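To keep things clear, I will list the structure first and then write my remarks on it.
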Amino acid sequence: MKKHAQAVVIGGGVVGTSVLYHLTKAGWKDVLLIERAELTSGSTWHAAGGMHTINGDPNVAKLQQYTIKLYEEIERISGQSCGVHVTGGIMLAGTQERLDWLKMAQARGRYLGMDLEILSVDEAAKLFPLMDKKHFTGAMYDPIEGHVDPYGVTHAYAKAAAIAGAEVVRRTRVTELKARADGSWDVTTEHGSVHAEHVVNAGGLWAREVGRMVGLELPILAMQHQYLLTEDIPQLAGRPEQLHCIDFEGEIYLRQERGGMLMGTYERAGVPWSEHTTPWDFGQDLLPNDLERIAPSLEVGFEHFPALGTAGIRKVINGPFTFAPDGNPLIGPIRGLKNFWVACGVMAGFSQGGGVGLALAHWMVDGDPGADVWGMDVARYGAWATLGYTNAKVRENYSRRFSIRFPNEELDAARPLRTTPIYDRLSAENAVFGEYCGLEHALWFAPPGVAAKESITFRRSNAHEYVAAECRAVRDAVGLLEISTYGKFEIDGPGAAEWLARVMANHLPAVGRVGLTPMLNERGKLIGDFTMCRLEQNHVFLIGTYAAENYYMRWFERHLPATGVSVRACATEYVGMSVAGPRARTLLQSLVRDDLSNAAFPFLSFRRTDVGMVPALLGRISFTGDLGYEIWVSSDYQRALYELLTAAGRAHAMKPIGARALNAMRLEKSFGTWTREYRPIYGPYEAGLGRFVDFTKGDFIGRSAAADEKDRRGGVRLVAFAVAAADADASGDEPIWHDGKVVGAVTSGGYGHSVQASIALGYIPSELAAAHDAFEVEIIGTRRAARRLDAAAFDPKGLRMRT
Ligand SMILES: Cc1cc2nc3c(=O)[nH]c(=O)nc-3n(C[C@H](O)[C@H](O)[C@H](O)COP(=O)(O)OP(=O)(O)OC[C@H]3O[C@@H](n4cnc5c(N)ncnc54)[C@H](O)[C@@H]3O)c2cc1C
């Protein structure tokens with residue numbers, strides 16, 4: 001084993017070997033993979049090897065497409081067969097809702113260039129004769145599905161990497177990791193140590209243990225997973241290989257294995273494995289079978305596919321593999337640990353392993369993953385993702401693997417976990433709660449006598465009329481909204497202003513003022529959007545997206561000078577209330593001694609003040625697009641603030657409002673949000689944030705790339721549409737058609753109650769950005785006419801916020 005390497009990859013499963021191969025491909029040849037036992041000795045060896053392109057996150061779906069195409073390349077380079085069988089796949093729907101879901105999946109796939117086809121039951125049965133037609137309502141066909149040989153794939157990656165100069169060491173366990181002052185690592189193994197500039201944790205089933213070597217508790221849990229192999233089935237003899245099949249209502253998947261079938265299930269009562277620590281002596285082992293547990297799924301399977309019921313079971317496999325709480329991988333650099341990377345929690349290694357390796361290798365070599373990997377970024381989780389939370393969410397996610405996730409659906413596991421001091425008050429107001437980063441917040445309020453429960457649906461829900469009333473309250477009088485779910489950061493120190501001017505693309509506002517700014521990476525892409533509230537010359541209160549707190553802090557800390565600037569994430573230290581609507585000023589003035597008149601405290605003002613007895617930070621700003629104020633207080637004051645505002649609001653017909661109303665109002669103002677409209681694949685001009693990039697100030701990160709983007713004027717543009725929707729609005733990822741071709745995708749959508757129109761935001765090619773007509777948005781399988789709007793649907797001149 002070498003004594004020094006540019007990078008050491010820990011773990012020789014399908015993920016670690018893919019990372020190793022991609023590092024060599026990206027130009028790092030001095031790389032070493034260390035494997036505890038033989039390659040594939042974790043989850044990899046007993047996987048069913050299934051691969052598919054569909055994923056709820058289109059960016060993850062793109063990386064899955066890449067993975068499947070990669071097999072031909074690594075076979076060619078390594079000479080090792082991956083045992084690729086591209087059989088095509090069929091997804092069977094047993095209900096109308098599922099068929100709607102498949103139509104939506106097909107529509108989403110269009111934008112990604114996927115060739116998916118909706119089939120009738122008869123057409124499906126011709127392709128997959130094992131099915132009993134009477135249980136199904138329709139199907140979707142995907143030509144690019146199949147399965148691979150897990151051993152072959154892993155060894156092909158490793159051999160291809162070795163040909164490029166990488167070293168692979170087997171039967172050697174990494175036992176300790178120690179950081180040196182310069183950020184490099186001493187990697188201690190059972191057989192000596194290696195000095196590495198970078199370390200990658202691709203420990204799979206042991207990723208938690210490897211994380212703990214550096215003080216990290218990764219949100220990962222292994223679940224037991226069972227599949228069975230049948231004896232030969234006479235109906236298959238002499239026929240081409242059967243398609244891959246997912247039977248959603250049966251919650252099973254099938255594929256051919258030699259003369260029989262392989263059938264697996266994600267059962268409702270899934271069982272975790274080794275909840276706290278994975279034993280080091282677990283090798284190429286299997287777990288005892290528990291057919292009892294999956295019996296209900298097997299029964300359904302035998303009924304839906306009768307030939308399987310009579311075939312006899314040849315073998316049962318029960319093996320563990322790991323999941324993150326949302327089922328997507330965890331990849332990227334770890335905040336606070338220099339040159340330490342993770343590539344773990346990969347639950348579909350044969351669909352995702354290639355994409356994970358590609359993105360991580362680019363991140364390590366070029367400083368940027370080269371793709372939008374937000375959905376896989378380890379930084380999407382914060383301190384709330386404890387092992388207990390992870391356990392509850394992973395079990396839920398496993399049991400729902402084949403369930404439909406409706407756009408308005410809130411899941412129950414691990415709730416309530418985090419609450420603000422007014423939680424019980426909102427509950428008493430009949431709030432319907434949602435969960436965001438583990439934090440409960442009101443989605444909408446059911447009027448007295450109406451159950452505080454939302455029907456889950458692709459169409460407008462029972463909340464529609466109540467959300468409409470909340471929007472009306474804001475537009476006509478005043479609404480009271482809790483805004484504690486925003487991310488907050490306090491930046492101070494003698495160098496704070498200078499540092500922010502370099503990290504943010506816009507100039508800092510004057511003291512006592514608020515300014516909006518994009519944050520760009522070196523490639524000039526959007527990696528954040530913030531509200532900067534300047535309290536003092538060198539003291540700024542920054543408001544952004546809470547879910548990205550770790551993502552932002554990782555970036556901030558990377559760019560902090562050694563001294564002179566302090567950045568503190570303080571999301572839940574400050575909780576907030578917002579009042580918005582034409583009567584908001586009068587209401588608030590009755591509680592605040594400072595003059596709130598438009599002349600004294602105009603739009604985009606910010607100051608410390610007291611609201612009644614409560615010390616607060618007050619901003620004249622509102623995401624509703626109306627006259628409004630954001631009031632930030634430390635959490636011990638929130639209850640008093642709430643009581644005060646509620647009491648004063650009685651004289652002004654004030655109504656509590658929730659996140660659904662806020663979303664509707666920001667859509668009719670065409671205001672974008674991080675993770676929907678603003679993502680690291682778009683530049684500020686594409687996202688309509690160009691006016692917040694200030695080239696007249698000094699240098700800032702991403703400046704020259706942003707200047708290029710401004711001059712080029714190409715790419716895509718974020719635009720808003722009024723959609724001729726019926727009873728369902730766009731919710732995100734629906735294709736946008738123009739002149740019969742798919743030209744873009746919706747980022748978010750919903751009903752604009754104040755303008756009484758269905759609104760969708762989305763990106764289209766810039767050359768089409770001047771057109772108004774000939775657009776359509778495909779909603780649940782139907783193309784709806786869409787008119788591009790030149791300006792926000794509500795108050796296009798923005799007068800109400802400024803009045
Ligand atoms: C029954 C079953 C069926 C499955 N079916 C499919 C399927 O059809 N399609 C699909 O895509 N996925 C499937 N999977 C999931 C798939 O197996 C995983 O996504 C994949 O194997 C994860 O690979 P990995 O490299 O991250 O982890 P692992 O395979 O667990 O590899 C981690 C490696 O790291 C090594 N290691 C850990 N710690 C150390 C250390 N300290 N020092 C040195 N080495 C160390 C281990 O020995 C191990 O070899 C299935 C899994 C199971 C259990």
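The values are calculated or read from the model by the stated rules, or taken from the named source; none is laboratory data. Fair warning: this is a prediction, and the values are worked out from it, not measured in the lab. Every residue, glycine as well, gets a Cβ built from its backbone with ideal geometry; the counts of neighbours run over all protein chains shown. For the accessible areas, the whole protein counts, side chains as well, though only heavy atoms, and no ligand, DNA or RNA atoms are used. Shrake-Rupley method; radii C 1.70, N 1.55, O 1.52, S 1.80 Å.
Can you give me the ranges of the strands (runs of 3 or more DSSP E) entirely in the range 461-536 with at least 2 residues that are at negative phi and more than 28 Å from the chain's Cα centre (by Cα)?
Details: elements: 479-482, 486-492, 514-520, 526-536.
It comes to 479-482, 526-536.
Scan the range 188-200 for residues that are more than 9 Å from the ligand (Cβ to nearest atom) and assigned to a loop (DSSP other than H, G, I, E, B) and jot them down. The answer is H191, and nothing else. Within the range 234-244, is there a residue that is within 11 Å of the ligand (Cβ to nearest atom) and surrounded by 16 or more Cβ atoms within 10 Å (Cβ to Cβ)? There is at least one residue in the range 234-244 that is within 11 Å of the ligand (Cβ to nearest atom) and surrounded by 16 or more Cβ atoms within 10 Å (Cβ to Cβ). Here the range 643-673 is the region considered, the condition is being open to solvent by 10 Å² or more (accessible area, probe 1.4 Å) and either among the aromatic types (F, W, Y) or part of a loop (DSSP other than H, G, I, E, B) (or both), and the residue that is farthest from T531 (Cα to Cα) is A653.
For the range 327-351, the candidate set comprises residues that are open to solvent by 10 Å² or more (accessible area, probe 1.4 Å) and touching a Pro at 6+ places or on another chain (Cβ under 6 Å); within that set, the residue that is farthest from the ligand (Cβ to nearest atom) is W341. Quick one: in the range 352-362, of everything that is touching a His at 6+ places or on another chain (Cβ under 7 Å) and farther than 19 Å from T322 by Cα, which residue is surrounded by the fewest Cβ atoms within 10 Å (Cβ to Cβ)? Across the range 352-362, the extreme among qualifying residues is L358. A count restricted to the range 67-91 and to residues that are under 30 Å from H304 (Cβ atoms) and either among the hydrophobic types (A, V, I, L, M, F, W, C) or open to solvent by 70 Å² or more (accessible area, probe 1.4 Å) (or both) stands at 6. Scanning the range 597-624 for residues that are among the small types (G, A, S) and touching a helix residue (DSSP H, G or I) at 6+ places or on another chain (Cβ under 6 Å) yields a count of 1. Selection of first residues in the range 10-21 that are in contact (Cβ under 8 Å) with a residue 40 or more places away in the chain and of second residues that are among the acidic types (D, E) and within 7 Å of the ligand (Cβ to nearest atom), restricted to Cβ pairs under 6 Å at least 6 apart or on distinct chains, gives the following pairs, ordered by first then second residue: G12/E35.
Of all residues in the range 277-295, those satisfying the criterion of being under 21 Å from A48 (Cα atoms), in contact with a helix residue (DSSP H, G or I) (Cβ under 8 Å, 6 or more places away or on another chain) and open to solvent by 60 Å² or more (accessible area, probe 1.4 Å) are Q284, L286, L291. Just so you know, in the range 764-786 the residues that are assigned to a strand (DSSP E or B) and among the acidic types (D, E) include one that is nearest to G688 (Cα to Cα), and it is E776.
Residues that are more than 9 Å from the ligand (Cβ to nearest atom) and under 23 Å from Q284 (Cα atoms) within the range 151-168 comprise Y151, G152, V153, H155, A156, Y157, A158, K159, E167, V168, listed in sequence order. Would you call T230 more than 29 Å from the chain's Cα centre (by Cα) and either open to solvent by 70 Å² or more (accessible area, probe 1.4 Å) or under 26 Å from R314 (Cβ atoms) (or both)? Yes. Each residue in the range 740-769 was checked for being open to solvent by 40 Å² or more (accessible area, probe 1.4 Å) and not acidic (D, E), and 7 pass.
Each residue in the range 201-227 was checked for being among the aliphatic types (A, V, I, L, M) and more than 11 Å from the ligand (Cβ to nearest atom), and 4 pass. Counted as qualifying within the range 128-187 are the strands (runs of 3 or more DSSP E) with 1 or more residues that are in contact with an Asp or Glu (Cβ under 6 Å, 6 or more places away or on another chain), namely 138-142, 174-179. In this structure, H772 does not qualify as within 18 Å of F671 (Cα to Cα) and open to solvent by 20 Å² or more (accessible area, probe 1.4 Å).
From the list T322, T265, which one is without any contact (Cβ under 8 Å) to a residue 60 or more places away in the chain and crowded, with 18+ Cβ neighbours inside 10 Å? The conditions single out T265. Taking the conditions (1) open to solvent by 50 Å² or more (accessible area, probe 1.4 Å); (2) touching a Lys or Arg at 6+ places or on another chain (Cβ under 6 Å) in turn, R802 satisfies each one other than (2).
If the condition is being open to solvent by 40 Å² or more (accessible area, probe 1.4 Å) and closer than 30 Å to A207 by Cα, then the range 296-319 contributes only K315. Determine whether W384 is outside any loop (DSSP other than H, G, I, E, B) and either under 22 Å from D30 (Cβ atoms) or more than 16 Å from the ligand (Cβ to nearest atom) (or both). For W384, the condition - outside any loop (DSSP other than H, G, I, E, B) and either under 22 Å from D30 (Cβ atoms) or more than 16 Å from the ligand (Cβ to nearest atom) (or both) - is not met.
Candidates in the range 569-613 are the residues that are among the acidic types (D, E), without any contact (Cβ under 8 Å) to a residue 60 or more places away in the chain and open to solvent by 50 Å² or more (accessible area, probe 1.4 Å); of these, the one that is farthest from I422 (Cα to Cα) is D595.
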